[in-house]
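Bear in mind that the values in this text are calculations on the coordinates, not laboratory data. Bear in mind the structure is a predicted one, so any value in this text is a computation, not a measurement. A quick note on method: Cβ atoms are made from the backbone with ideal geometry, for glycine too, and the neighbour counts reach across all protein chains shown.
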Amino acid sequence: MNEHLPVFYSPEVLSHQTGNGFFEALASPYLPVTEAHPENDLRLRNMIGILKHGPLSTFLNWHDAPVANKAQLERFHTSDYIRELEQLDVTTSHRYSSTTILGPGGFDVVKVSAGLSIAAAQHVWQGQSRIACAMCRPPGHHAQPSMADGYCFVNNIGVAVRELMASGLERAVVIDWDVHHGNGTQEGFYDNSDILTISMHMDHGAWGVSHVQKGSAEELGSGRGIGANLNIPLPYGSGDIAYTRVFREIVMPAVVDHRPEVIFIANGQDANQFDPNGRQIVTMEGFFELARLARELAETVCDGRLVIVQEGGYAISYAAYCLHAGLCGFLEQEQTLPDPLAFLPEHTENLDQFIAMVQRVHG
């Protein structure tokens, strides 16, 4: 297929500074070396670099976008919460939890990020393309209507879905394969039967007052939204086979039954096997296959309308390679970029000879 992918991106999203510490937490008084917060600009710089210079570059068209305005943000978030963000001192950092830091002037960057997601969604909804991608930072899927959480301040997908609903969208699906539960998106649509939210994530449970949702299969929705929230908590160590089988056997039938007009993908790469924030072992090939299946699903249920929104992915180098592989799958392109790190099955071809050699050496 010779289709091109519109990619919505602004260099301004690189200016959000999250600082250093003990990984994502406060610095330790016992350690002389601090490390960068995992949600840093380097991760996105590598992602943009591989898209602009890798094998897929000739199939990408780059777009900027208007900054999200207050009315657009308040379609998903409460006015009190947005007012709180607006009133922050732009000269200092603000720590919402032990892990979630909004750097100086960070709300301006947050609005740029949300604008990218809205513009990508409008591009697809208005028929300018059947598929579009938003390279958002900071990520958004943990941001609840009235609360920041998990590095997220505004729910990029949430505001984009609400924007399309204001323009006539009636039914949509959000598929989230970020390694963490998409609790913010779940919370924002929990009582809405028209928006099916699906999260396939590492089974980490709740993690505090900012993330009380457990991500369990029993969280089905509330009121008229019961049945429109589908959580798939995957065991630690789930890899390509588990992820793609779950997608085929659980996600795809649920989406077909819902009959959406648009599919949104919360496109995190932190389920990869080298990510510091996850315990899964998905490879480039796994992300390629998930994306290919998502494209196949969109073609079946909604004339190919697909909005891809960047979420997590904190292995600074490997996440970029996984993103590239995924976009190849979305575009139905051959995945020609070799996996530089993953353990490959063909490496076991000489296992019998290796075992025999060790046995001989050790008698």
What ranking, highest mean first, results for peptides 115-123, 286-294, 49-57 when packing means the other Cβ atoms within 10 Å averaged over each residue? 115-123, 286-294, 49-57
Computed ³J(HN,Hα) along segment 262-268: with the Karplus parameters 6.51/-1.76/1.60, θ = phi - 60°, integer Hz and x for glycine or proline, the list is 9, 10, 9, 10, 7, 9, x
Based on the Kirkwood radius over alpha-carbon pairs, what is the Stokes-Einstein translational diffusion coefficient of segment 207-363 at 4 °C with 1.567 mPa s viscosity, in µm²/s? 73
How high is the FRET efficiency between D108 and I241 when r is their beta carbon distance and R₀ equals 41 Å, given to the nearest 0.05? 0.45
Counting only residues 5 or more places away or on other chains, whose amide H sits under 5 Å from the amide H of D178 once H atoms are built in the peptide plane? G268
For I131, what residues show an amide H to amide H distance below 5 Å, using hydrogens built from the backbone and excluding near sequence neighbours? L306
Whole-Hz Karplus couplings 3J(HN,Hα) for segment 137-150, θ = phi - 60° and coefficients 6.51, -1.76, 1.60, Gly and Pro as x, run 7, x, x, x, 6, 8, 5, 8, x, 10, 7, 7, 6, x
Ranked from fewest to most other Cβ atoms within 10 Å of their own Cβ, I48, I265 fall in the order I48, I265
Estimated vicinal HN-Hα couplings, Hz - segment 180-193 in sequence order (Karplus 6.51, -1.76, 1.60; Gly, Pro = x): 9, 4, x, 5, x, 5, 4, 4, x, 10, 5, 10, 10, 6
Please list, in order, the residues from segment 168-198 whose amide nitrogen is less than 13 Å from a point placed 7 Å along the Cα→Cβ vector of V212. 187
To the nearest 20 debye, segment 226-283 has a Cα-centred charge dipole, built from +1 on Lys and Arg Cβ and -1 on Asp and Glu Cβ, of 100
Convex hull per residue volume in Å³, alpha carbons only, for segment 118-230: 100
Per-peptide average of other Cβ atoms within 10 Å, ordering 331-337, 71-77, 14-20 highest first: 71-77, 14-20, 331-337
Looking at M284, F274, A68, which one has the Cα that reaches farthest to the positive end of the dipole of segment 5-361 (charges on Cβ: Lys, Arg +1; Asp, Glu -1)? A68
Label point at D191 placed 7 Å out along Cα→Cβ; residues across segment 225-265 whose backbone nitrogen lies under 16 Å: 225-229
Suppose we take every Cα in segment 1-145 and form the convex hull; what volume per residue is that in Å³? 127
Order of R360, R224 from fewest to most other C-beta atoms within 10 Å? R360, R224
Restricting to segment 5-361, what percent of DSSP beta bridges are antiparallel, rounded to 5? 20
What does the convex hull of the alpha-carbon atoms of the chain project to on average, in nm²? 20.7
Counting only residues 5 or more apart in sequence or on a different chain, those whose built amide H sits under 5 Å from that of H201 are I232, L234
Ordered by fewest other Cβ atoms within 10 Å, a rough proxy for footprinting exposure, D108, D176 read D108, D176
